[in-house]
Structure formats: structure tokens, C-alpha cells
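First the structure, in the form of C-alpha cells, and then the observations on it.
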Amino acid sequence: MKTTDFPAPHPLHAVALNAREQVILDALEAVMDPEIPTLNILDLGIVTRIASEQDGHAQVQLTPTFSGCPALKIMESLVHDALVAAGFLQAIVQTSFETAWNSNLISERGLESLKKHGLAPPPRHEGYIELDVLSDTPCPLCGSRNTTLQTPFGPTLCRSMHYCNHCKNGFEGFKPVD
Amino acid sequence: MEMTERHVMGLIELLYKMADDQLIIGHRNSEWTGLGPILEEDIAFSSMAQDKIGQSLALFELLHELGEQDPDTVAFTRNAEQFHCCQLVEAPIGEFNFSIVRQYLFDQAEALRFEMLMASVYEPLAMVSRKFRGEIKYHVMHGKTWIKQLAEGNEESHQRMQEALNEVWPLALGIFEEGDYEKEISEVNIFAGEAALKSRWMETVVPFLESCGLNIPQSDAVTGGRHGQHSPYLQPLLDEMCEVFRIDPNAEW
């Protein structure tokens, strides 16, 4: 069935959720970012719309963190599988640029989840993203601010690489993105 | 004003040149994988390649929605004369100085183009432009950091930056070669046009390059790419990029 056969799902926080939509939300809570196993996709801020208009039917819209992120296809199928496991016979997962992701969409709990994985969380920003912002990243391991940015590009598109001059560890940061 | 067929053709022309630029520069950036002068640069160019190719996919998807063939077919089955990229992006990576100067001049133009397109009346294009703009910031930051450092380094590094700029500049001016529908796409506010983009780009890159002690070359634009006339470098690039796809175009990956 084509996705256009269904009405557009509503933005996540726009209206009160019905009981089926609450089940969707609970299911999404358990879907982790495949590259950051401590962070679920709701806290990551990539779930932009959900809907369930009838029994057994679920729709979820995701937005990519980076347009070249290879984890996106994996996340789509993880979401699909989670919805099916939660009892939805018809689960539609779409990706759209409608709501552009930015790092401010990561929840407070999400920032803590990043730290638990050893990643420095991105600072909240108002669009100013330059090297000095990245250079001023506290070490997620010891908390020191005496750190050096090594490169804004890391092992995945969303990460930068840093060195802590205090505890002498290399660490990665989750980049601020506008 | 009402959208006519010529407006849609202008939109398609715009999307093709942007998508082709992203795909080809993405492929060139990926050629630094394993060859970067330091590990961080290996990673930087590889990451930028990944961004560009992801962006080209999103643009090819928009074309598909407008009735063009699917992204893989469009990306991997056309020949050089069917591509609309500028000649800047198809030039070989050369040495690091060439790649860095090209990367900055191209990405600064992209950053401004996406910023302008955020206001496009064609909402799907405005949406992806909002996304790309945030990603491109890191690319511009990368190019500027290196140009400043090398242009202000020692005599040799300065000279090599100037040489690269002399070589890249006429190619970079070719980014702004006008298409056949400039008037159409600007009159309905799809895009303000190449001339408007070029003047914003000049206002941005000239002061920066001069602040690094570099001289702006006086040379004419190398054009043709937007109309399918390419340098001899494009076809061999396509042959390599499409080699695996063409062995079995129906393969499931």
C-alpha cells in the first residue's frame, strides 16, 4: 500500500496521543541509535511525526541527523521491527527533511546518554558554530575543560575528535549542528 | 505568478546541476581516502565525501519526484555529456594545495547557495537546503582553517597556496555559469540565480583570501560544464565510479 493512502501523521508534540500512539511511543523508547547504544531515537530527536488512526496501524516519520548518515536506513528498519513487535500489523516508517534535525533537538536525557557512551555532548547553540565552540569541549571522562580539538571530523559524520590534556585520554564529541 | 512548464524545466535544470556537482565532488573527495597527508585529513575528506554523496542522493530523490529516473539510474548510467556539473568539481585532486583551495571555494559557494535556497518557493528544495546548510558549515570551516594556516605559514606554503588559487580561480568562476532558465527560476522565486549567488560569493571569499595575504587572480571563467561540455577528466571518473554498478545494474545490495 502506498504511504499516500494514509493521512499525514501529526507532529510528535502537537496533539495529545491516543492509546495506540502511546504504544508507538513506548516502542520507540526501546529503539537505540545503532552507533550509540545508550541513546534512544526519541532522545536523539529524530522522531518528528507519529500517528495511529486505526487498530494495528502505525506511522512514524524520521528526520536524518546528516543527509549522508548510513545509520538512517538501519534505524528505519529497527523502527519498523519494533512497531511490528509491539503488535502493529501495518507499520509505515518514512524519512523526511520536513523538520531539519539540529543538535538542540537532543533531549537533556539524550545528552546524559551520550556521556554514558563516552561521547562529549554537543553544547546548546543559537546557530553560531565555529572552531572555538568545538575547541571548548569538556572531557566526558574527567570533566576537565583543558582539552584540545584535534579535528572536527571523526569516525562518523556526527563526531569530532579531541584530546584531554588533564586525564591524557583521547575522546570523541557529538558535534553541534545547526 | 503561476508556474509554467518553463519554470519546472528551470527547476529541474537547477536540481541537476546541484546534484551532479555534489556527486562528482563527493567522488573526488573520496579519492583522498587513504592518501591524506595526515590521518585527520584522510578522515576529513572522507567525511566530506560522505556528506556530498548523501546530499546528491537527496537532490536526485527530488528529481525523481519530478518525474526523472530513479537516483541510481541517473547517477550511474549517464555519460559525461549528460552531466551538468561545473568543470571545477571534475578536475583531479592534484596535490593537497589544489584540493584545499577547491574545497573552500566550492563549499563557500554551496553554503551561500543553500542559504539562498532556504527561501525557495519550492518547499522540498527549501527543506533539504536547511539541512545541507548546517552540514556544509563544517566543510567551509575546514577549508578556511587550512587556507589561513598555509597561506600564513612559511614562504613555500604561502607560494603553494597562491599557485593553487591561480589554478582554481577560473574553474571556480565556472560554478556560476548561467543556465537557460535563469529568468524563469528567479521570477517565481525558486532561486535568485547564478549572478546573485556569484556576487555574494565574491563578497565573502575575496576579503577572506586577501586577509590571508593572497592575491585574487584576474582570469576568465572556465565554462561549459552546465551545458554538458566537460574537461577530459570527467569521463574516466564516471567510468571508474560506475564500473561496479554497470557489471550488474539489477543487483540487490
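The values are calculated or read from the model by the stated rules, or taken from the named source; none is laboratory data. Source: prediction; values computed, not measured. Backbone-built Cβ (ideal geometry, glycine too); neighbour counts: all protein chains shown.
Restricted to the stretch B:80-166, the set of helices (runs of 4 or more DSSP H) holding at least 2 residues that are under 16 Å from the mean Cα position of the chain (by Cα) and among the hydroxyl-bearing types (Ser, Thr, Tyr) comprises B:96-117, B:123-151. For the stretch A:138-152, the condition of being touching a residue at least 40 places away in the same chain (Cβ under 8 Å) and not assigned by TED's automatic domain parsing to the domain that holds residue A:65 holds for none of the residues.
Residues of the stretch B:143-192 that are acidic (Asp, Glu) and in contact (Cβ under 8 Å) with a residue 12 or more places away in the chain: B:152, B:163, B:167, B:177, B:178, B:180, B:182, B:184, B:187.
Those strands (runs of 3 or more DSSP E) of the stretch A:128-178 in which at least 1 residues are farther than 28 Å from residue A:34 by Cβ, considering only elements entirely within it, cover A:147-151. Selection over the stretch B:239-253 of residues that are exposed (fewer than 10 other Cβ atoms within 10 Å of the Cβ), modelled with pLDDT of 90 or more and not β-branched (Val, Ile, Thr) gives a count of 1. Among the criteria (1) more than 10 Å from chain B (Cβ to nearest Cβ); (2) surrounded by 16 or more Cβ atoms within 10 Å (Cβ to Cβ); (3) farther than 30 Å from residue B:33 by Cβ, the one residue A:143 does not fulfil is (2). Looking across A:93, A:15, one residue alone is in a loop (DSSP other than H, G, I, E, B) and more than 14 Å from chain B (Cβ to nearest Cβ). It is A:15. Taking into account only those residues within the stretch B:169-215 that are out of contact with any Phe, Trp or Tyr (no Cβ under 6 Å at 6 or more places or on another chain), acidic (Asp, Glu) and in a helix (DSSP H, G or I), which is surrounded by the most Cβ atoms within 10 Å (Cβ to Cβ)? So, considering only residues that are out of contact with any Phe, Trp or Tyr (no Cβ under 6 Å at 6 or more places or on another chain), acidic (Asp, Glu) and in a helix (DSSP H, G or I), the one surrounded by the most Cβ atoms within 10 Å (Cβ to Cβ) is B:184.
When the stretch A:72-93 is filtered for residues that are in contact (Cβ under 8 Å) with a residue 60 or more places away in the chain and either touching a helix residue (DSSP H, G or I) at 6+ places or on another chain (Cβ under 6 Å) or aliphatic (A, V, I, L, M) (or both), the ones remaining, listed by number, are A:86, A:92.
Could you tell me whether any residue of the stretch B:69-87 is β-branched (Val, Ile, Thr) and buried (at least 24 other Cβ atoms within 10 Å of the Cβ)? No, because not a single residue in the stretch B:69-87 is β-branched (Val, Ile, Thr) and buried (at least 24 other Cβ atoms within 10 Å of the Cβ).
For residue A:65, are the conditions met, namely being within 14 Å of chain B (Cβ to nearest Cβ) and closer than 23 Å to residue A:17 by Cα? Answer is no for this residue. Close Cβ contacts (under 6 Å, 6 or more residues apart or on different chains) running from residues in the stretch B:28-56 that are within 8 Å of chain A (Cβ to nearest Cβ) and within 22 Å of residue B:18 (Cα to Cα) to residues that are assigned to a helix (DSSP H, G or I) and among the hydrophobic types (A, V, I, L, M, F, W, C) comprise B:52/B:25; B:55/B:132. Comparison of A:108, A:112, A:126 shows that the only residue that is surrounded by fewer than 13 Cβ atoms within 10 Å (Cβ to Cβ), more than 27 Å from residue A:53 (Cβ to Cβ) and away from chain B (no Cβ under 14 Å) is A:108.
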